[in-house]
Amino acid sequence: MRALPDAGTRLRQGLSSDDWTLRAGILVILAYLTVTLLLPMSALLSKALEDRSGAFVGLQNFARYFATPSLSNSIGNSLFVGLVSTAICVSLAFVYAYGLTRTLMPGRAVFRLLGAIPLLVPSLLPAIALVYMFGNQGYASGLLMGESIYGPIGIIIGSVFWTFPHALIILITALSLSDARLYEASEALGASPWRTFWTVTISGARYGILSAIFVVFTLVVTDFGVPKVIGGQFNVLATDVYKQVVGQQNFEMGAVVGLVLLLPAVLSFLVDRIVQSRQGVQLTGRSIPYAPKANRKVDLALGGACLLIGLAIVSVLGTAFFAAFAKLWPYDLSFSLRHFDFDNMDGGGWASYVNSLRMAGLTAVFGTAIIFIGAYLVEKTRGFRAGREAVHFLALLPMAVPGLVLGLGYIFFFNAPGNPLNFIYGTMAILVLCTIAHFYSVAHLTAVTALKQLDPEFETVSQSLRVPVRRTFLAVTVPVSLPAIRDVAIYLFVNAMTTVSAVVFLYSPATSLASVAALNMDDAGDIAPAAAMGVLIFCTAALVRVIYTVLTAGLLRATQRWRHR
Amino acid sequence: MHALKTSARPVSQPYLQLTNITKRYGSFTALQSVDLTIHEGEFICFLGPSGCGKTTLLRVISGLDIQSEGTVIQAGRDISGLPVSHRDFGIVFQSYALFPNLTVEANVGYGLTSRRMKRREIAARVGELLTLVGLTDQRRKYPPQLSGGQQQRVALARALALSPGLLLLDEPLSALDARVRLRLRTEIRDLQQRLGLTTIMVTHDQEEALAMADRIVVMNAGRIDQVGTPLEVYSRPATPFVADFVGKMNFKRGRLGPDRRVTVDGVELVYAPDPDLRAQPGEEVVLCLRPEDIVVRGISETAPNRLAVRVLSMEFIGNHFHLRLGILGSELVLEGDLSINAVRDLSIEVGRGLTIALPPDRLRIFAQGTGR
């Protein structure tokens, strides 16, 4: 094991048992990501190049796709809906974030909470609420002046609602990172507030704005819940994939549409990466954070704007609640729990809710463990660069893969007759694996960020004290990173509760999920029960968040005592 | 503070032997064929500006970085290719790298709990170490609750827990404020002397190195420029770089004449015999003189290098004056440091004339353009 130096050859360091442990860990994670991500994606790719019998046909499926206007028209539709939703969503989120970070308007804490609400609902819930608001019997349908909510209008409003917090988080971060000295300099040089706004504020937040634009666009274009519920005859790429696969069992064409859907996601992923890498240098350790001053006019104007946006969020959610609990909308609005009688409807009944809880729980537990250990291995292994970079790349890949496309890849890979893993098809395990893979990237980045904040010499000191890496991981790294670990677990749980896109292809009658049940009930015309299920998911996600925060607060107090002087 | 040593320690068995250490990062060479021998119980300082390779050399010794070529032998054992955990050293980093979620006790005992020691033995050893660094009353606190100096001492105690044969200190004092730094450097030095522990400290602070080290290793651009006691390094710098980096120095270009004479800006000076000088009469040389070596009192009529000067400017530094002295009849300007007493006794003022002498044995002469 010991490498003795001899003349002319490059000296290599011997490996300790720790090095072997870490490297073996990297290989295990690499194998895991290959099976749950890379192989399904390549199965999708090869499926798109095959005909029904499995023979290679090259680009023939693509040619047929573009020759069929009913299919290829969806590209334009998706682009249109995506662009308009993005423009509206990012503008609103910017105003909202500006109010939260740059003014002293009253109620900022409440607004912050309100803005995050859509994260806790499945995307189809706002669409269902919109049906109640603006549908044929909706209480506000007059506002549409004769236009139908079923179609682009509904998709756009619903998409703006559920993507709003995603843009908001990015923009709040971008606007928080500002250097007060730039404002002082601008003021000292006699620039007007308007000019300062453009040259300092917008210019400083430009990477955040760009990032938000791409994130929202990708989310809208690849989302399936909203157009499925409210899209009517207006076809978009995401619903096409579903129709081809579930409706017509045309897997090859489904794969082709999936690959088309992959394009905008990959593009925005690449742009986002470039933007992220440039953003780093903006704020130095010596910057002075900007502290807003009271300005009655600005505070009132932005307070008013935020109030309107907040009201819109509340009214959409409130409508969903109302629909869930009203006996028979719009004729009998008395309180009733009859829509929660899921066992007498299509979709899987209460069992699907229990399944969702189990699935989300398992995803949170196993996902957090796998992702955190994976991030640790990437960050702390010495040498073995190829392995570490491969894991890091695969960990970021899911960000560029829409859930629908991933789910499709899972069908093709795990349902293939020759696959030894075929037995997990139709079980809870495949749902958990797929959901972990689907939400891997953000969780991985959260863990990596937390690990980067730890002193890199912890491991060195441990080695010099001849303490095995396992012990330092458990005794120091995990306890110190507990806040980030908790964030990752909550993130995975909430997303596993609300997701529809990837799992819609993978559930079996025995493993139906709440969000899928809501979709199917809506499909069958049971709109009120669908709303009820959506509301139930929201309440669960919110409740789990609260309970988890309270429970872990005790744990955090015990393990983070050192943080308090 | 301990006195400067005037000679190297008596030669004992080499404890650490570095031979031909070279470290390359791509096309950049961080260390170039470094040879160094360190004896048991020595306190060695690696001194140099940032990027000179001192930290890289420490990382090679610890195994944190692996050298591209060369061997490291510690206590008779070839450790050149060993992983960190197979080597025998304790280390203190600039950041201390204390585990924030563990108490002072748990930090110090961190390496002990992994050996099969009894709980009672561990507690006893931790107590011993905390007494050693004077922190027994802080044992139940967490590192963030301690001052910088206390954290530093916890890190030191932790590094000493396994009784390593070698202690490595990577800029251990640079994160502290000036007062604490002064106190701690005495403490560290005393501790090292009491334990007789071979110690290597990396620093960019020449004062720290002069005050603490048995021998200083001055590094420059990946090479060792000089190894010597603090006094040797200060008074007989081996290269212009060392002369410039350690202490303040007048640098003047001149030409070597016959009979140990050198001419600078038309002023002829006598210098003491120097076996290391690699220049022939007629060649361009660099002449070095420390500002405090300029003599102003008790100059006899026959003193060599006796010069009449005019005081061009005076700067009060706090414990001495810094003067610019123009040699009469020449363009030559020298910088001199004079005590407050001397300034007062001789009524020195700007514009006044003054007689100075430059002791020949204080003049250092280097061949132009050579490193050595």
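The values are calculated or read from the model by the stated rules, or taken from the named source; none is laboratory data. All of these numbers come straight from a predicted model, not from anything done at the bench. Note that each Cβ is placed from the backbone with ideal geometry, even for glycine, and that neighbours are counted across all protein chains shown. Ligands, DNA and RNA are excluded from the accessible area calculation, which covers all protein heavy atoms including side chains. Shrake-Rupley method; radii C 1.70, N 1.55, O 1.52, S 1.80 Å.
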(message) From Cα pairs below 8 angstrom and at least 6 apart in sequence, can you work out the relative contact order of chain A, rounded to a whole percent?
(response) 22
(request) Pull up the cross-link candidates among the lysines for A:LYS47, meaning alpha carbon to alpha carbon under 26 Å and not fewer than 8 places away within one chain. (result) A:LYS228, A:LYS243
(request) Can you check what the Kirkwood hydrodynamic radius comes to for region A:26-65, Cα pairs only, in Å to one decimal? (result) 11.4
(request) Extending each Cα 7 Å along its Cβ direction at A:SER42 and A:ALA24, get the distance between those two points in nm, one decimal. (result) 2.6
(request) Could you check how much of the accessible area of chain B is carbon and sulfur, as a whole percent, using a 1.4 Å probe? (result) 49
(message) Along the charge dipole of region A:64-297, pointing to its positive end and built from +1/-1 on Cβ of Lys, Arg, Asp and Glu, which listed residue (A:LEU182, A:PRO69, A:GLY204) has its Cα farthest out?
(response) A:LEU182
(request) Please label the shape of region B:32-105 as rounded, prolate or oblate, based on the square roots a ≥ b ≥ c of the eigenvalues of the alpha-carbon gyration tensor (a/c under 1.5 means rounded; beyond that, a/b larger than b/c means prolate, else oblate). (result) prolate
(message) Taking a ≥ b ≥ c as the square roots of the Cα gyration tensor eigenvalues, with a/c under 1.5 meaning rounded and otherwise prolate when a/b beats b/c, else oblate, which class fits region A:293-369?
(response) oblate
(request) Report, largest value first, the span of the C-alpha coordinates of region B:1-143 along each principal axis, in whole Å. (result) 48, 40, 31
(request) Determine the relative contact order of chain B: mean sequence separation of Cα pairs under 8 Å and six or more apart, normalised by residue count, in whole percent. (result) 16
(request) Sort A:LYS327, B:LYS252, A:LYS297 from largest to smallest accessible area, using a 1.4 Å probe on the heavy atoms of the protein chains. (result) A:LYS297, A:LYS327, B:LYS252
(message) What percentages make up the Cα-Cα pair-distance distribution of region B:145-227 when the bins are 10 Å wide from 0?
(response) 15, 51, 29, 5, 0
(request) Using a/c under 1.5 as the rounded threshold, could you call region B:61-218 rounded, prolate or oblate? The axes a ≥ b ≥ c are square roots of the C-alpha gyration tensor eigenvalues, and prolate needs a/b larger than b/c, oblate otherwise. (result) oblate
(request) Mind computing the radius of gyration and Dmax over the alpha-carbon atoms of region A:64-297? Å is fine for both. (result) 20.7, 67
(request) Please give the length that would be gained between A:LEU555 and A:ALA191 if that part of the chain were fully extended, namely 0.36 nm times their separation in residues minus their C-alpha to C-alpha distance (nm, one decimal). (result) 126.0 nm
(request) Mind ranking A:MET145, A:MET399, A:MET497 by accessible surface for me, highest first, 1.4 Å probe? (result) A:MET145, A:MET399, A:MET497
(request) Subtracting the Cα-Cα distance from 0.36 nm times the residue separation, let me have the gained length for B:VAL333 to B:ILE73 in nm, one decimal. (result) 88.6 nm
(message) Only four residue types carry charge here, +1 at the Cβ of Lys and Arg and -1 at the Cβ of Asp and Glu. Report the dipole size of region A:64-297 about the Cα centre in Debye, rounded to the nearest 20.
(response) 700
(request) Please state the charge dipole magnitude for region A:318-447, taken about the Cα centre, from unit charges on C-beta atoms (+1 on K and R, -1 on D and E), reported in debye and rounded to the nearest 20. (result) 520
(request) Go ahead and collect, in residue order, the members of region A:80-111 whose backbone nitrogen is under 11 Å from a label point 7 Å along the Cα-Cβ direction of A:ASN295. (result) A:102-104
(request) May I ask you to derive the FRET efficiency for A:LEU83 and A:ASP346 from their Cβ-Cβ distance with R0 = 35 Å, giving the value to the nearest 0.05? (result) 0.50
(request) Pick out, from B:ASN341, B:LEU156, B:GLY26, the residue whose Cα sits farthest towards the positive end of the charge dipole of chain B, with +1 on the Cβ of Lys and Arg and -1 on the Cβ of Asp and Glu. (result) B:LEU156
(request) Please give every one of the lysines within straight-line cross-link reach of B:LYS141, meaning a C-alpha to C-alpha distance under 24 Å, and leave out same-chain neighbours fewer than 8 residues apart. (result) B:LYS118
(request) Could you grab the relative contact order for region A:76-182? Cα pairs under 8 Å, six or more apart, rounded to a whole percent. (result) 44
(request) Under 15 Å Cα to Cα from A:LYS452, which aspartates and glutamates show up? Leave out anything in the same chain fewer than 8 places away. (result) A:GLU379
(request) Using only protein heavy atoms and a 1.4 angstrom probe, determine the accessible area buried between B and A, summed over both sides, in Å² to the nearest 100. (result) 3400
(request) Apply the Kirkwood formula to the protein assembly as shown: the hydrodynamic radius equals the inverse of the mean of 1/r over all pairs of different alpha-carbon atoms; give it in Å with one decimal. (result) 33.5
(request) Give, in nm to one decimal, the length gained when the segment between B:LEU231 and B:GLN280 is fully stretched (0.36 nm per residue of separation minus the Cα-Cα distance). (result) 14.9 nm
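Considering only DSSP beta bridges where both residues belong to the protein assembly as shown, give the percentage that are antiparallel (nearest 5). Working shown, then result.
Details: 61 of 78 bridges.
The antiparallel fraction comes to roughly 80 percent.
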(message) So, R0 is 60 Å and r is the distance between the beta-carbons of A:GLU147 and A:GLU389; what FRET efficiency does that work out to, to 0.05?
(response) 0.75
(message) From the helices alone, meaning DSSP H stretches of at least four residues, give me the mean residue ellipticity at 222 nm for the protein assembly as shown, per-run term -39500 (n - 2.57), in deg cm²/dmol to the nearest 500.
(response) -15500 deg cm²/dmol
(message) Leaving out ligands and nucleic acids, and using a 1.4 Å probe, what accessible area per residue does the protein assembly as shown come to in Å²?
(response) 44
(request) Work out the charge dipole of chain A with +1 on the Cβ of Lys and Arg and -1 on the Cβ of Asp and Glu about the Cα centre, then indicate which of A:ASN250, A:THR319, A:LEU33 is farthest towards its positive end. (result) A:LEU33
(message) Taking the square root of 5 times each eigenvalue of the Cα gyration tensor, what semi-axes in Å does the equivalent ellipsoid of chain B have, largest first?
(response) 46, 25, 16
(request) Report P(r) for region A:217-268: all Cα-Cα distances, bin width 5 Å, range 0 to the bin holding the largest distance, values in whole percent. (result) 5, 23, 29, 24, 16, 3, 0
(message) Can you compute the FRET efficiency between B:ARG179 and B:PHE316 using 1/(1 + (r/R0)^6), with r the Cβ-Cβ distance and R0 = 22 Å? Round to the nearest 0.05.
(response) 0.45
